[in-house]
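Student: Questions regarding the structure given below will be posed in turn.
The values are calculated or read from the model by the stated rules, or taken from the named source; none is laboratory data. Remember, predicted model here, so these are calculated numbers, not experimental data. Here Cβ is always computed from backbone atoms with ideal geometry, including for glycine, and neighbour counts include all displayed protein chains.
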Amino acid sequence: MAIPVVALVGRPNVGKSALFNRILGAHTAIVSDEAGTTRDRHFGRAEWNGKAFWLVDTGGIVEDSPVPMDVEIRKQVVQAIGEADLVVFVVDAKVGAHPSDARVVDLLRDAGKPWLLVANKVDNPQSTDFYEMYRLGAGDPIPVSAANGTGSGDLLDEITDRLPEQNDELPTALRVAVVGRPNVGKSSFVNRLLGEERLVVSDIAGTTRDSIDTPTRYHGRDLVFVDTAGLRRQSKVEDGVEFYSGLRTRRAIESSDICVLMVDATLGVENQDLKIATLAWEQGRSLILVVNKWDLKEKDGKTADKFKKDLVEKVPYFEWVPILYTSAVTGQRVHKVLDVILEVEQERNKRIPTSQINEALEEMVQRRQPPQAAGNEVRLIYATQVETAPPSIAVFGNHPELVAEHYIRYLHNGFRERYGFVGNPLRILMRHKSAPASDHRRVRA
């Protein structure tokens with residue numbers, strides 16, 4: 001299950017961004033006394049009492065304002081509420097209950113999401129000014145001071161107590177996330193894979209998080225496609241897509257085993273696509289690249305080869321990433337993706353016997369000795385695969401810290417050529433021959 005989302009909402013200048021910074025422990029949002037400083041939503045990952053959650057900071061809601069920026073912010077806040085598992089409604093205890101606060105309460109009631117009422121700017125723990133917030137009829141106000149931290153621990157206790165419990169359904173299922181920029185055809189692609197009826201998800205606010213993950217079965221293997229409802233919903237949202245596509249992508253990647261990155265063939269692979277791919281790769285997820293809308297691409301017999309060649313020149317690890325050229329509209333090669341998913345899973349969990357890895361290491365060292373450091377002989381003694389999912393090979397030597405990066409890449413490529421691990425990052429861990437498991441240099445490649 002993906003990490004839950006907690007959204008901070010309220011009218012302008014009540015201290016949402018200050019509270020956001022207090023909880024995250026970093027000044028990652030712009031904080032100012034000028035109302036409306038937070039123009040877009042910001043998010044960060046927080047953890048309390050062993051529970052992690054995404055915290056979302058939103059702009060202040062200004063009701064009935066004709067100013068385009070206020071209208072835009074309100075749309076984005078409504079979207080944030082719809083995406084959140086828990087809403088933290090922030091009010092200003094010094095100002096007292098405000099008519100705009102009451103309108104936010106109406107908004108929350110219409111959304112049907114659970115919320116907490118937080119009275120900010122209670123700098124003195126003995127103050128009773130926040131009692132006025134009971135007039136809102138929005139529950140018991142929790143007094144805090146984002147400025148000095150008073151009450152923040154109690155607030156975090158309340159937040160973590162209200163977060164949804166993890167769902168242990170299908171614990172052995174392979175979790176697959178379809179990720180990519182908006183409007184590349186992710187929703188149509190998943191519809192083709194699973195059948196249109198599998199993505200019928202209620203638009204009613206408060207729909208359980210369980211309905212977002214879509215289980216299926218292929219060749220006897222249980223698969224769960226992560227956040228399919230989110231893909232559906234993204235296609236309907238015009239405002240604030242960039243923000244929530246970024247948050248959704250991170251959540252989908254961290255809760256998946258395999259990421260299917262979809263790009264638009266007519267646009268090619270852009271920087272944002274590469275950022276998503278690298279995020280998944282560095283987090284140890286398997287990766288498959290699906291080039292959608294291939295039917296719209298002008299091409300000849302060499303177009304696919306040139307596409308991969310150009311991509312590998314830009315990002316070398318794509319040499320080991322399966323690439324499929326599909327059309328969600330016509331169905332071309334869409335179901336081939338399911339076969340590749342199972343193949344990549346096998347590669348992800350493949351374990352090579354230590355004797356074979358040592359033979360490979362010996363051959364590579366005989367072919368090319370590691371560069372020697374001044375005054376120190378650098379020797380590589382043995383190697384073994386220490387992990388799967390993603391595969392990791394530990395190479396032991398007398399001076400692992402002196403092995404040059406280019407030689408580690410040489411070892412990586414040598415192991416790749418022999419064992420493949422296609423679709424998966426292969427990590428080479430340089431360790432001292434007598435070092436404990438935690439004492440090593442790790443290279444992700």
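Student: Take Lys121 and decide whether it is touching an Asp or Glu at 6+ places or on another chain (Cβ under 7 Å) and of a type in the set (Lys, Arg).
Tutor: Working: touching an Asp or Glu at 6+ places or on another chain (Cβ under 7 Å): yes; of a type in the set (Lys, Arg): yes.
In short, yes.
Student: Would you confirm, using the coordinates I've provided, whether Gln272 is over 21 Å from Arg175 (Cα atoms), in contact (Cβ under 8 Å) with a residue 24 or more places away in the chain and not assigned by TED's automatic domain parsing to the domain that holds Leu426? Steps first, answer last, please.
Tutor: On the way: over 21 Å from Arg175 (Cα atoms): yes; in contact (Cβ under 8 Å) with a residue 24 or more places away in the chain: yes; not assigned by TED's automatic domain parsing to the domain that holds Leu426: yes.
Yes.
Student: Take the residues in the stretch 71-101 that are out of contact with any helix residue (DSSP H, G or I) (no Cβ under 6 Å at 6 or more places or on another chain) and among the aliphatic types (A, V, I, L, M), then tell me which one is farthest from Leu247 (Cα to Cα).
Tutor: Val95
Student: Check Phe89, Phe53, Phe43 and return the single one that is in a strand (DSSP E or B), within 22 Å of Lys113 (Cβ to Cβ) and at pLDDT below 80. Give the derivation first.
Tutor: Details: Phe89 fails: at pLDDT below 80; Phe53 fails: at pLDDT below 80.
Just a single option satisfies the conditions, and that option is Phe43.
Student: Next question. Can you tell me which residues in the stretch 251-279 are among the β-branched types (Val, Ile, Thr), more than 16 Å from Val291 (Cα to Cα) and part of a helix (DSSP H, G or I)? Spell out the reasoning first.
Tutor: The first filter runs over the stretch 251-279 and keeps only residues among the β-branched types (Val, Ile, Thr), leaving 253, 258, 260, 263, 266, 269, 276, 278.
Applying the additional criterion that residues be more than 16 Å from Val291 (Cα to Cα) yields 253, 258, 278.
Answer for the stretch 251-279, where residues must be among the β-branched types (Val, Ile, Thr), more than 16 Å from Val291 (Cα to Cα) and part of a helix (DSSP H, G or I): Ile253, Thr278.
Student: Return the total of residues in the stretch 298-312 being within 27 Å of the chain's Cα centre (by Cα) and either in a loop (DSSP other than H, G, I, E, B) or within 26 Å of Ala389 (Cα to Cα) (or both).
Tutor: 3
Student: Identify, by number, the condition in (1) out of contact with any Ser or Thr (no Cβ under 8 Å at 6 or more places or on another chain); (2) under 30 Å from Leu279 (Cβ atoms) that Pro182 doesn't meet.
Tutor: In the conditions (1) out of contact with any Ser or Thr (no Cβ under 8 Å at 6 or more places or on another chain); (2) under 30 Å from Leu279 (Cβ atoms), Pro182 misses (1) alone.
Student: Does Gly284 count as in a loop (DSSP other than H, G, I, E, B), in contact with a Pro (Cβ under 8 Å, 6 or more places away or on another chain) and modelled with pLDDT of 90 or more?
Tutor: The answer is yes for Gly284.
Student: Given the criterion modelled with pLDDT of 90 or more, among the charged types (D, E, K, R) and in a helix (DSSP H, G or I), identify the matching residue among Asp140, Asp157, Asp123.
Tutor: On the way: Asp140 fails: in a helix (DSSP H, G or I); Asp123 fails: in a helix (DSSP H, G or I).
It is Asp157.
Student: Would it be correct to say that Ala146 is touching a residue at least 40 places away in the same chain (Cβ under 8 Å), part of a loop (DSSP other than H, G, I, E, B) and not aromatic (Phe, Trp, Tyr)?
Tutor: On the way: touching a residue at least 40 places away in the same chain (Cβ under 8 Å): yes; part of a loop (DSSP other than H, G, I, E, B): yes; not aromatic (Phe, Trp, Tyr): yes.
So Ala146 passes the test.
Student: OK, next. Restricting to the stretch 387-413, what's the tally of residues that are in a strand (DSSP E or B) and either closer than 12 Å to Met430 by Cα or modelled with pLDDT under 95 (or both)? Working first, answer last.
Tutor: Taking the stretch 387-413 and keeping what is in a strand (DSSP E or B), we get 387, 392-397.
Next, only the ones that are either closer than 12 Å to Met430 by Cα or modelled with pLDDT under 95 (or both) stay: 392-397.
Matching residues across the stretch 387-413 total 6.
Student: Continuing with the same structure: Does Val312 satisfy being in contact with an Asp or Glu (Cβ under 8 Å, 6 or more places away or on another chain), of a type in the set (A, V, I, L, M) and free of Cβ contacts under 8 Å to residues at least 40 places away in the same chain?
Tutor: yes
Student: Moving on to the next point. Please verify whether Val321 is touching a Pro at 6+ places or on another chain (Cβ under 9 Å) and touching a residue at least 12 places away in the same chain (Cβ under 8 Å), treating the condition exactly as stated.
Tutor: no
Student: Going by the structure shown, is Pro370 farther than 29 Å from His219 by Cα, within 28 Å of the chain's Cα centre (by Cα) and without any contact (Cβ under 8 Å) to a residue 60 or more places away in the chain?
Tutor: Details: farther than 29 Å from His219 by Cα: yes; within 28 Å of the chain's Cα centre (by Cα): no; without any contact (Cβ under 8 Å) to a residue 60 or more places away in the chain: yes.
Against the criterion (farther than 29 Å from His219 by Cα, within 28 Å of the chain's Cα centre (by Cα) and without any contact (Cβ under 8 Å) to a residue 60 or more places away in the chain), Pro370 does not qualify.
Student: Could you please give the count of residues in the stretch 1-22 that are among the β-branched types (Val, Ile, Thr) and part of a strand (DSSP E or B)?
Tutor: 3
Student: In addition: Checking the condition in contact with a strand residue (DSSP E or B) (Cβ under 8 Å, 6 or more places away or on another chain), in the same structural domain as Gly82 (by TED's automatic domain parsing) and either over 17 Å from Val88 (Cβ atoms) or loosely packed, with under 13 Cβ neighbours inside 10 Å (or both), which residue from Pro143, Pro125 passes? Before you say what the answer is, go through the steps one by one.
Tutor: Numbers: Pro143 fails: either over 17 Å from Val88 (Cβ atoms) or loosely packed, with under 13 Cβ neighbours inside 10 Å (or both).
Just a single option satisfies the conditions, and that option is Pro125.
Student: Still on this model: If you check Ala360, Ala373, which single one turns out to be buried (at least 16 other Cβ atoms within 10 Å of the Cβ) and more than 30 Å from Trp294 (Cβ to Cβ)? First the steps, then the outcome.
Tutor: Details: Ala373 fails: buried (at least 16 other Cβ atoms within 10 Å of the Cβ).
Result: Ala360 is the single residue among Ala360, Ala373 that is buried (at least 16 other Cβ atoms within 10 Å of the Cβ) and more than 30 Å from Trp294 (Cβ to Cβ).
Student: With respect to Arg74, determine if the residue is at pLDDT below 85, part of a strand (DSSP E or B) and among the charged types (D, E, K, R). Steps first, answer last, please.
Tutor: Working: at pLDDT below 85: yes; part of a strand (DSSP E or B): no; among the charged types (D, E, K, R): yes.
No.
Student: Specify the residue that is modelled with the lowest pLDDT; the eligible residues are those in the stretch 313-345 that are in contact with a Gly (Cβ under 7 Å, 6 or more places away or on another chain) and in a loop (DSSP other than H, G, I, E, B).
Tutor: For the stretch 313-345, the residue satisfying everything is Ala328.
Student: Residues being modelled with pLDDT under 80 and surrounded by fewer than 20 Cβ atoms within 10 Å (Cβ to Cβ): count how many of those fall in the stretch 173-187.
Tutor: So the count comes out to 2.
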